[in-house]
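All remarks here apply to the structure that follows.
The values are calculated or read from the model by the stated rules, or taken from the named source; none is laboratory data. This one's a predicted model, so the numbers in the text were calculated from it and none came from an experiment. When we count neighbours, we look across all protein chains shown, and the Cβ atoms used for this are built from the backbone with ideal geometry, even at glycine.
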Amino acid sequence: MTSTDAPLDPAPTGPNPGGPNLTGRVPTGPLDARRARIAVGAAYAAQGFGYATVVTALPALKDRQGIDDTQVSLLVLLVCLAAAGGSVLAERLATRRGSRTAVVLGLAAQAVAVLLVAVSAAPAVLVGGFAVYGVGLGMVDAAAGIQGVLVQHRLGRSVMSSFFASYTAAAIVAALAMSALAGGSSAATWALAAAGVVLAGVSIGSRGSLVAPAPDEPEVPGGDPALGDGAVGDGVLGDGAVREAAPRTPLPRRGIWVFGGVVLVAFVADSAVSTWSSIYLDDVLRASAAVVPLGYAAYQAAILATRLVGDRWVHRSGRVRVAAVAAVVGAVGFLPVALVPLPAVAIVGFALVGVGVGALVPLAFSAAGELAPDRVDEVVARVNLFNYAGAVLGAVVVGLLSDGTGLAVAFLLPFVLMAPVAGHARRFAPVAAAVPVPALTPDPEPRVGPVPVRSGELAE
């Protein structure tokens with residue numbers, strides 16, 4: 001076996017060792033799995049740090065370039081479209097070179113992009129920087145998710161929440177750093193440069209620990225024939241087993257639309273706050289330079305707190321109740337933002353929105369993953385596409401509305417979309433049956449429970 005990448009551990013054992021593994025080699029040793037977990041967490045953190053730096057730098061970039069809210073909306077639209085393309089590129093890279101390559105290249109692309117944005121004096125450089133940044137953002141969004149799933153299932157317990165928490169914590173640090181730097185004439189430039197260094201450092205430093213491709217397995221572009229066109233060879237479990245062709249469960253299209261709709265609504269809210277909270281506090285409420293980034297920081301802090309207690313909350317109250325409460329709290333959070341023109345009140349409102357978004361996104365993906373256990377990769381991938389539509393609506397449509405109505409009224413759009421989710425909370429009800437997940441590696445910590453099989457109309 002020859003390769004430029006050293007294997008992370010001995011070849012996997014099991015009923016079908018050596019089967020195709022198209023998204024990446026899964027570490028089997030506890031030490032390698034933990035190293036991969038740290039590396040994936042670092043990738044999420046770098047992504048969050050870079051994104052928060054970019055969105056909190058928007059007011060300064062807007063002033064420096066002399067652009068208006070509509071042009072900011074178009075820049076954000078460009079990032080969203082480029083991110084969708086980056087996500088597709090990441091899927092192809094993962095199939096051929098492993099998701100590790102997509103993570104490393106995506107982080108590197110973001111590093112170059114934010115440095116371009118930091119020094120941009122001409123609009124063309126700014127636009128080019130945002131385009132490259134969007135591609136890198138989409139690549140890491142998709143590829144880090146693949147890495148996270150592989151690590152989680154190899155460890156045999158849930159760790160995805162910790163990855164999202166890493167993203168959120170890093171975003172908070174970036175927002176607070178921007179607040180501390182506020183007031184300097186070149187604060188945004190230095191903050192973006194620091195984000196570029198962080199992204200480049202993680203790109204270089206994580207490569208050796210991320211889940212590596214298996215060099216001794218044949219390349220099968222477009223998916224594993226044993227699983228059907230477009231299927232991922234190692235599936236969600238990453239066990240490398242070759243499965244015999246068999247009739248597959250039809251895609252649960254209704255369920256995909258239901259939970260995809262929840263993801264869309266949550267990302268409308270997320271993108272509205274991420275893109276416009278700083279500009280709203282600055283341009284409309286005339287908050288001080290030190291206060292402007294605190295709206296986004298409060299929002300991210302609420303998301304982090306919600307995700308840290310989310311599993312326990314669901315265990316005690318159930319998914320239906322948590323979804324209903326989260327939708328109500330998140331929707332209500334937009335009311336003080338829109339109706340009370342005080343910076344402190346707006347910051348509290350953004351925090352309430354964070355509670356709703358922080359709970360709804362993982363709940364939606366968790367429920368979607370139960371719709372068709374044998375097609376979970378396709379279901380989750382399709383649900384994930386709704387986040388880009390939500391990002392466009394939240395950033396671009398809110399910005400366009402603000403030109404005619406003002407930002408305060410425009411913030412009522414995500415309120416109108418999120419409030420009805422509470423009435424559909426029963427869709428998150430637990431399922432009646434379950435298919436056990438085989439243990440993949442010995443691990444002394446508690447394991448992931450069975451993967452439920454959803455019954456009823458959503459699985460049709």
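For (1) small (Gly, Ala, Ser); (2) part of a loop (DSSP other than H, G, I, E, B); (3) at pLDDT below 85, each residue gets a yes or a no:
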position	(1), (2), (3)
Val379	no, no, yes
Arg382	no, no, yes
Leu385	no, no, yes
Ala395	yes, no, yes
Val409	no, no, no
Leu413	no, no, no
Pro420	no, no, no
Exercise. Can we say Pro336 is closer than 30 Å to Arg286 by Cα, at pLDDT 90 or above and not in a helix (DSSP H, G or I)?
Worked result: no
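Residue-by-condition table, conditions (1) modelled with pLDDT under 85; (2) within 22 Å of Ala191 (Cα to Cα):
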| site | (1), (2) |
| --- | --- |
| Gly48 | no, yes |
| Lys62 | no, yes |
| Thr70 | yes, no |
| Leu81 | no, no |
| Ala84 | yes, no |
| Thr101 | no, no |
For this session: Within region 44-75, work out how many residues are under 15 Å from the mean Cα position of the chain (by Cα), hydroxyl-bearing (Ser, Thr, Tyr) and crowded, with 24+ Cβ neighbours inside 10 Å.
Result: 1
Problem set entry | Members of region 344-364 found to be at pLDDT below 95 and farther than 20 Å from Ala169 by Cβ, listed by number | Leu363, Ala364
For this session: For residues that are β-branched (Val, Ile, Thr) and closer than 16 Å to Pro293 by Cβ, scanning just region 340-352, find the one that is surrounded by the fewest Cβ atoms within 10 Å (Cβ to Cβ).
Result: Val348
For this session: Could you please give the count of residues in region 288-339 that are within 27 Å of Ser366 (Cβ to Cβ), surrounded by 21 or more Cβ atoms within 10 Å (Cβ to Cβ), over 18 Å from the mean Cα position of the chain (by Cα) and not β-branched (Val, Ile, Thr)?
Result: 8
Problem set entry | region 194-215, subset within 10 Å of Val103 (Cα to Cα) and not hydrophobic (A, V, I, L, M, F, W, C), residue modelled with the lowest pLDDT | Arg207
Problem set entry | Of all residues in region 5-43 being of a type in the set (Val, Ile, Thr) and modelled with pLDDT under 90, the one that is nearest to the chain's Cα centre (by Cα) | Thr23
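So which of Val320, Val265, Val328, Val291 is in a helix (DSSP H, G or I), of a type outside the set (Gly, Ala, Ser), modelled with pLDDT under 95 and not assigned by TED's automatic domain parsing to the domain that holds Ile172?
Val320
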